[in-house]
1. Please list, ordered by first then second residue, the pairs with beta carbon atoms under 7 Å, 6 or more apart or interchain, first in segment 216-231 and in a helix (DSSP H, G or I), second modelled with pLDDT under 90 and among the charged types (D, E, K, R).
2. Go through 202, 241 for me and flag whichever is within 23 Å of residue 375 (Cα to Cα), assigned to a loop (DSSP other than H, G, I, E, B) and of a type in the set (S, T, N, Q).
3. Scanning for something of a type in the set (A, V, I, L, M, F, W, C), away from the ligand (no atom under 16 Å from the Cβ), touching a residue at least 24 places away in the same chain (Cβ under 8 Å) and not assigned by TED's automatic domain parsing to the domain that holds residue 304, does segment 88-97 turn up at least one residue?
4. Give me the helices (runs of 4 or more DSSP H) completely within segment 272-344, filtered to those with at least 3 residues that are within 18 Å of the chain's Cα centre (by Cα) and either at pLDDT 85 or above or assigned by TED's automatic domain parsing to the domain that holds residue 252 (or both), ordered by residue number.
5. Here is a list of conditions, (1) part of a loop (DSSP other than H, G, I, E, B); (2) loosely packed, with under 14 Cβ neighbours inside 10 Å; (3) at pLDDT 95 or above, and residue 269 meets all of them except one; can you say which number that is?
6. Any idea which residue in segment 1-31 is nearest to residue 89 (Cα to Cα), counting only those that are near the ligand (Cβ under 10 Å from one of its atoms) and hydrophobic (A, V, I, L, M, F, W, C)?
7. Go through the residues of segment 61-69 one by one and say whether even a single one is more than 12 Å from the ligand (Cβ to nearest atom), under 25 Å from residue 274 (Cα atoms) and either modelled with pLDDT of 90 or more or not assigned by TED's automatic domain parsing to the domain that holds residue 322 (or both).
8. Examine segment 11-23 for a residue that is assigned by TED's automatic domain parsing to the domain that holds residue 186, closer than 27 Å to residue 201 by Cβ and in contact with a Ser or Thr (Cβ under 8 Å, 6 or more places away or on another chain), and state whether such a residue exists.
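The values are calculated or read from the model by the stated rules, or taken from the named source; none is laboratory data. Bear in mind that the values here come from a model prediction, so they are computed numbers and not experimental data. Methodologically, a virtual Cβ is constructed for each residue, glycine included, from the backbone with ideal geometry; neighbour enumeration extends over all protein chains shown.
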Amino acid sequence: MTFKELNLLPEILKAVEEMGYEKPTPIQERAIPEAMNGRDVLGVAQTGTGKTAAFSIPILQQIHQNQPEKGRKPIRSLILTPTRELAAQIGDNIKAYGKFLPSKYTVIFGGVGQNPQVNRLRAGVDILVATPGRLLDLMNQGHISLKHVEFFVLDEADRMLDMGFIHDIKKILPKLPQTKQTMFFSATMPPAIVTLTKTLLNNPVSVTVDAVSSAATTVKQEAYHVLKPDKKKLLLHLLKNPEIDQALVFSRTKRGADRLSKILAKANITSGAIHGDKAQGQRERALKGFKDGNLRILVATDIAARGIDIDSLSYVINYDIPNEPETYIHRIGRTGRAGAEGTSISFCDIDERPFVKSIEKLTGKKINFIPNHPFEITDAGIKEYKEMQDSFTKQNEIQMQKRREAKKKARESGNTGGARKSGKRRR
Ligand code: AMP
């Protein structure tokens, strides 16, 4: 099946094409047509299956096709998800799929100031992506009304339960209108979730897709304990092995990705980088070069790597270990596809060890740490690294102190505008 056959609006089709998606994933193929007809959906699926598009696309399409009369926009769709990372990811997806549509969306979550969120809500949004705590908070303060919600998504329901959000959800549900379309997603179906689906869903279409975490059983997972400053040396050392003919290297940040490209170029290793600051053309060229086999390494950030479809990849290297275990599973799921052999190699600094623990907990499988490599963490190395970090922190503190003093001086001489301006330039 193709996206064209899903009868998408041309604006959405164009956006999906821009994302580089070649065909719908199984959950999209099954859920999108039903959801577009207004049917409730029960998706037993995990992050990495393409479930976000499976619910976002029908919402965007239906919102666009049935515009209410002019006036202030009420919230027409609520998407609830347990973590801020997931909320932000869903927001990014809606932004991408709705790129050519006028619909407005916003994302709210706790742990940050509420004012910018409230201001965005005041301006009017069609789609609200929220974590339960902040949503309730803003509802209680009278900033949010759910009276006009037509499309409701409960994402990662089992995780909501694990994280203790079920009470919040029970407070939110009665505030939603009786008549609405509900799409419910959960990776697992424990009894409490089954009960919840019964109260929430009306004759739903059920779609169950393979958990991505199955990647963890097919992919060989290796890791190296290594201090951050030694990671580049370890990478170059590993790439001496001709067996690694091609690898997708993940970097947490855009700057990190650029830095890695430079290091690789210096070592005469062909590479391309894709991340949010690269122009579409640059990304496409890098991807093509990699797919054609002209580039040995593709360095990517998680967001940029979404939607790129590379088959028969044998190696994924996690230069940084993500703090969200799902991201790791998604990364390693890029290799070992369709029964192919795949290896993931992770570089683990001391600070990243807890992330490994949560990955192992989620996958139920131990990651194999390779002993006796040339950049093994030694006690002397740790000491040196800590000293370096301390001196860095001290330098930072001195700089901050200098800034504070400069600002104070400027304030005292009544010259606050200038101080603020120069502060801005520095950032
Ligand atoms: P999700 O399960 O929604 O978190 O999606 C997992 C990843 O798959 C995201 O990075 C999406 O950008 C990507 N994705 C979603 N749909 C497709 C598709 N049809 N083809 C390729 N990648 C996709």
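1. 216/365; 217/365
2. Details: 202 fails: within 23 Å of residue 375 (Cα to Cα).
Sole residue among the options that is within 23 Å of residue 375 (Cα to Cα), assigned to a loop (DSSP other than H, G, I, E, B) and of a type in the set (S, T, N, Q): 241.
3. Residues of segment 88-97 that are of a type in the set (A, V, I, L, M, F, W, C), as a first pass: 88, 90, 94, 96.
Imposing the further condition that a residue be away from the ligand (no atom under 16 Å from the Cβ) reduces the set to none.
There is no residue in segment 88-97 that is of a type in the set (A, V, I, L, M, F, W, C), away from the ligand (no atom under 16 Å from the Cβ), touching a residue at least 24 places away in the same chain (Cβ under 8 Å) and not assigned by TED's automatic domain parsing to the domain that holds residue 304.
4. Working: elements: 280-291, 302-305, 325-332.
Once the helices (runs of 4 or more DSSP H) in segment 272-344 are filtered for at least 3 residues that are within 18 Å of the chain's Cα centre (by Cα) and either at pLDDT 85 or above or assigned by TED's automatic domain parsing to the domain that holds residue 252 (or both), what remains is 302-305, 325-332.
5. (2)
6. Residue satisfying both the conditions and the ranking: 19.
7. If we filter segment 61-69 for residues that are more than 12 Å from the ligand (Cβ to nearest atom), which is where we start, we get 61-69.
Retained after the next criterion (residues that are under 25 Å from residue 274 (Cα atoms)): none.
Taking every residue of segment 61-69 in turn, none turns out to be more than 12 Å from the ligand (Cβ to nearest atom), under 25 Å from residue 274 (Cα atoms) and either modelled with pLDDT of 90 or more or not assigned by TED's automatic domain parsing to the domain that holds residue 322 (or both).
8. Going through segment 11-23, the residues assigned by TED's automatic domain parsing to the domain that holds residue 186 turn out to be 11-23.
Then drop every residue that is not closer than 27 Å to residue 201 by Cβ, which leaves 12, 16.
Going one step further and asking which of them are in contact with a Ser or Thr (Cβ under 8 Å, 6 or more places away or on another chain), we end up with none.
Looking for residues that are assigned by TED's automatic domain parsing to the domain that holds residue 186, closer than 27 Å to residue 201 by Cβ and in contact with a Ser or Thr (Cβ under 8 Å, 6 or more places away or on another chain), one finds none in segment 11-23, hence no.
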